[in-house]
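Structure, as structure tokens:
The values are calculated or read from the model by the stated rules, or taken from the named source; none is laboratory data. As the structure is a prediction and not an experimental result, all values here were calculated from the model. Note: ideal-geometry Cβ built from the backbone for every residue, glycine included; neighbour counts use all protein chains shown.
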Amino acid sequence: MKKPANNSAPAPRMGSTATTPSLIGSDVQIEGNVRTQGELQLDGSITGDLQCGGLVMGESGAVNGTIVADNVTIRGTVKGEIRARSVRLEKSATVEGDVIHESLSVESGAKLTGRFAHSSNPNEVKAAAAKAPELETPSFVKAKPAAE
């Protein structure tokens, strides 16, 4: 006797950690913090902090805030701190801020303004790389009050 065909979808796996990456398209602008445990493909812009498992930022992507993730690939623009185990800045990347990393890769052509600091646990670093001490402006540079 022939068994009837089973046309039902397979049952979801319990405990599976694989998820579909979240996508923020190029026409999306978010004001506020974004948090996900999964992977994120960012082609839009975020004004706020971003925390995720992994980030792939396209050339049109932008973040104005702190990024905390395990793995980060930047092709767009970041104005703020990046803290990640692995950071890859591709040739179209523009970063203005400190990068705290365990592993760093920078392609020729990437634009960087900021400091880099190696850390064996960058996701737990509370502050940016040690701040430089404030320097007093020399007296010959200080503006003189305007004569009345």
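What residue, among those in segment 107-125 that are at pLDDT below 95 and aliphatic (A, V, I, L, M), is farthest from Arg75 (Cα to Cα)?
Val125
So which residues in segment 43-83 are farther than 17 Å from Val99 by Cβ and in a strand (DSSP E or B)? Don't jump to the end; show me each part of the working.
Start the filter on segment 43-83 by keeping residues that are farther than 17 Å from Val99 by Cβ, which leaves 43-48, 53, 58-60.
Hits for segment 43-83 are Ser45, Ile46, Thr47.
Out of everything in segment 27-80 that is of a type in the set (Val, Ile, Thr) and closer than 19 Å to Asn121 by Cα, what residue ends up being surrounded by the most Cβ atoms within 10 Å (Cβ to Cβ)? Talk me through it step by step, then tell me what you get.
The first filter runs over segment 27-80 and keeps only residues of a type in the set (Val, Ile, Thr), leaving 28, 30, 34, 36, 46-47, 56, 63, 66-68, 72-74, 77-78.
Checking the rest, the ones that are also closer than 19 Å to Asn121 by Cα come to 66-68, 72-73.
Numbers: Thr66: 18, Ile67: 27, Val68: 20, Val72: 25, Thr73: 19.
That would be Ile67.
Sort out which residues of segment 63-115 are touching a strand residue (DSSP E or B) at 6+ places or on another chain (Cβ under 8 Å) and among the polar types (S, T, N, Q), and write them in order of number. Before the answer, list the steps.
Within segment 63-115, the subset touching a strand residue (DSSP E or B) at 6+ places or on another chain (Cβ under 8 Å) is 63-90, 93-107, 110-115.
Matches in segment 63-115: Asn64, Thr66, Asn71, Thr73, Thr77, Ser86, Thr94, Ser103, Ser105, Thr113.
Taking only segment 68-82 into account, find how many residues are of a type outside the set (Val, Ile, Thr) and closer than 12 Å to Leu40 by Cα. Talk me through it step by step, then tell me what you get.
Step one: filter segment 68-82 for residues of a type outside the set (Val, Ile, Thr), giving 69-71, 75-76, 79-81.
Those left that are additionally closer than 12 Å to Leu40 by Cα: 69-71.
Summing the residues that are of a type outside the set (Val, Ile, Thr) and closer than 12 Å to Leu40 by Cα in segment 68-82 gives 3.
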